[in-house]
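Notes for the one structure printed next.
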Protein chains: 2
Amino acid sequence: MAKDDALDVAERVHKAAIRMLRAARVADATTGLSAPKLSALSVLVFGGAMSLSALAKAEQVTAPTMSKLVGDLEAEGLVAKRADKADKRGLRIEVTTKGRALMEKGRQARLALLTARVAKLSRAERAQLDAAAALMLKLAASP
Amino acid sequence: MAKDDALDVAERVHKAAIRMLRAARVADATTGLSAPKLSALSVLVFGGAMSLSALAKAEQVTAPTMSKLVGDLEAEGLVAKRADKADKRGLRIEVTTKGRALMEKGRQARLALLTARVAKLSRAERAQLDAAAALMLKLAASP
DNA sequence: TTAGTTAGTTAGTCAAACTAATTATATGCG
DNA sequence: CGCATATAATTAGTTTGACTAACTAACTAA
């Protein structure tokens with residue numbers, strides 16, 4: 001049976017994830033923040049304070065790109081740069097209370113959109129979705 | 001039980017989808033094409049030839065932005081513009097053979113990455129993932 | 001027929017990506 | 001130890017991709 005062939009499953013999950021996130025994306029406007037800035041902020045909130053290079057790597061951009069983004073976020077009071085005690089070249093980039101609040105707002109808007117739709121599913125379907133979420137995380141983390 | 005609450009499920013699926021696609025994204029470099037161009041090309045391949053405004057809407061950008069992107073893609077020989085017979089103002093944007101091949105290459109690279117990981121799952125897990133894909137499409141299409 | 005709408009393009013601006021080069025600090029080897 | 005090399009972040013300059021405003025051409029309906 002072709003239906004559970006790894007390639008076909010990868011294909012369908014890939015496409016479905018893209019469509020779902022694309023639909024959710026329309027909610028981002030509520031923050032007034034650009035997608036790259038919102039995304040960087042989100043990584044900081046969930047991953048905790050980190051160096052500029054670590055953040056750049058997480059976001060798959062170069063250090064200069066992230067340097068500029070973080071500079072802008074700092075100017076808006078959404079993140080703060082602290083010196084790294086152990087390494088004088090390095091930074092610790094932290095989310096401020098204001099930054100956390102704004103990120104949370106955008107996140108809520110996205111989730112509200114998705115939640116309204118998830119709520120229409122049956123209990124069994126929600127369980128199915130939840131189990132798949134764990135699997136997708138596993139795929140993402142896979143070596 | 002909180003575990004199948006709609007908000008929690010939405011939250012976990014949202015995060016998992018983001019992480020999975022972020023992991024897959026590293027493969028896009030193989031095409032030499034930028035993300036917006038690759039994405040537009042992909043919409044054309046799967047959605048078939050369409051007008052500029054339809055493509056712009058699908059990609060959630062404005063008409064001028066898409067006009068420039070399509071112009072670039074045309075210059076690279078990846079798409080072709082044809083006049084709309086019924087409406088002389090309109091265009092039909094078609095993918096060329098070359099465009100289709102390049103898009104397919106990028107798609108394969110992404111999917112190869114995911115497929116390798118999906119293949120490590122059990123048959124039951126793949127089935128679970130596949131069922132969830134259908135549900136995510138439903139969420140994306142939901143009004 | 002003419003007023004209003006829709007399709008697409010052009011012009012101009014800004015944000016976000018890159019590479020190359022700079023500065024400062026760490027690290028490691030002879 | 002001292003110098004070469006590597007690493008962290010920034011600065012400078014360029015390109016790409018996003019927007020709005022303004023335009024032309026063509027369609028639609030009063």
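The values are calculated or read from the model by the stated rules, or taken from the named source; none is laboratory data. Bear in mind the structure is a predicted one, so any value in this text is a computation, not a measurement. With ideal geometry, Cβ positions are generated from the backbone for all residues, glycine too; neighbour counts draw on all protein chains shown. Side chains are part of the model used for accessible areas, which takes the heavy atoms of the whole protein and leaves out ligands, DNA and RNA. Shrake-Rupley method; radii C 1.70, N 1.55, O 1.52, S 1.80 Å.
Assessment of the stretch A:27-47 against the conditions (farther than 30 Å from B:LEU7 by Cα, not polar (S, T, N, Q) and not in a helix (DSSP H, G or I)) yields no matching residue. Scanning the stretch A:85-105 for residues that are at pLDDT 90 or above and within 16 Å of DNA strand C (Cβ to nearest atom) yields A:LEU91, A:ARG92, A:ILE93, A:GLY99, A:LEU102, A:MET103.
The lone criterion from (1) in contact (Cβ under 8 Å) with a residue 24 or more places away in the chain; (2) away from chain B (no Cβ under 14 Å) left unmet by A:ASP87 is number (1). Taken over the stretch B:52-69, the criterion of being surrounded by 17 or more Cβ atoms within 10 Å (Cβ to Cβ) and near DNA strand C (Cβ under 6 Å from one of its atoms) is satisfied by B:LEU52 alone. Can you pull out the residues in the stretch A:26-51 that are away from chain B (no Cβ under 13 Å), within 16 Å of DNA strand C (Cβ to nearest atom) and not hydroxyl-bearing (Ser, Thr, Tyr)? Within the stretch A:26-51, A:GLY32, A:LEU33, A:LYS37, A:LEU41, A:LEU44 meet the criteria.
Going by the conditions given, is B:ARG123 within 14 Å of DNA strand C (Cβ to nearest atom) and open to solvent by 40 Å² or more (accessible area, probe 1.4 Å)? Can you show your working first?
Numbers: within 14 Å of DNA strand C (Cβ to nearest atom): no; open to solvent by 40 Å² or more (accessible area, probe 1.4 Å): yes.
The answer is no for B:ARG123.
Within the stretch B:35-79, being touching a residue at least 40 places away in the same chain (Cβ under 8 Å), within 24 Å of B:ALA109 (Cβ to Cβ) and in contact with a strand residue (DSSP E or B) (Cβ under 6 Å, 6 or more places away or on another chain) holds for B:LEU44, B:VAL45.
Here's the yes/no breakdown for (1) within 19 Å of B:ALA116 (Cα to Cα); (2) open to solvent by less than 20 Å² (accessible area, probe 1.4 Å):
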residue: A:ASP5; (1), (2): yes, no
residue: A:ALA29; (1), (2): no, no
residue: A:GLY32; (1), (2): no, no
residue: A:LEU41; (1), (2): no, yes
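With respect to B:LEU137, is the statement that it is facing chain A (nearest Cβ under 8 Å) and either closer than 26 Å to B:ALA16 by Cβ or not in a helix (DSSP H, G or I) (or both) true? Yes: the conditions hold for B:LEU137. Residue count for the stretch B:70-118, restricted to those that are within 12 Å of DNA strand D (Cβ to nearest atom) and either open to solvent by 60 Å² or more (accessible area, probe 1.4 Å) or among the polar types (S, T, N, Q) (or both): 7. Evaluate the following for B:LEU113: is it out of contact with any Leu (no Cβ under 7 Å at 6 or more places or on another chain), closer than 25 Å to B:LYS37 by Cα and either outside any helix (DSSP H, G or I) or more than 7 Å from every other protein chain (Cβ to nearest Cβ) (or both)? Criteria met by B:LEU113.
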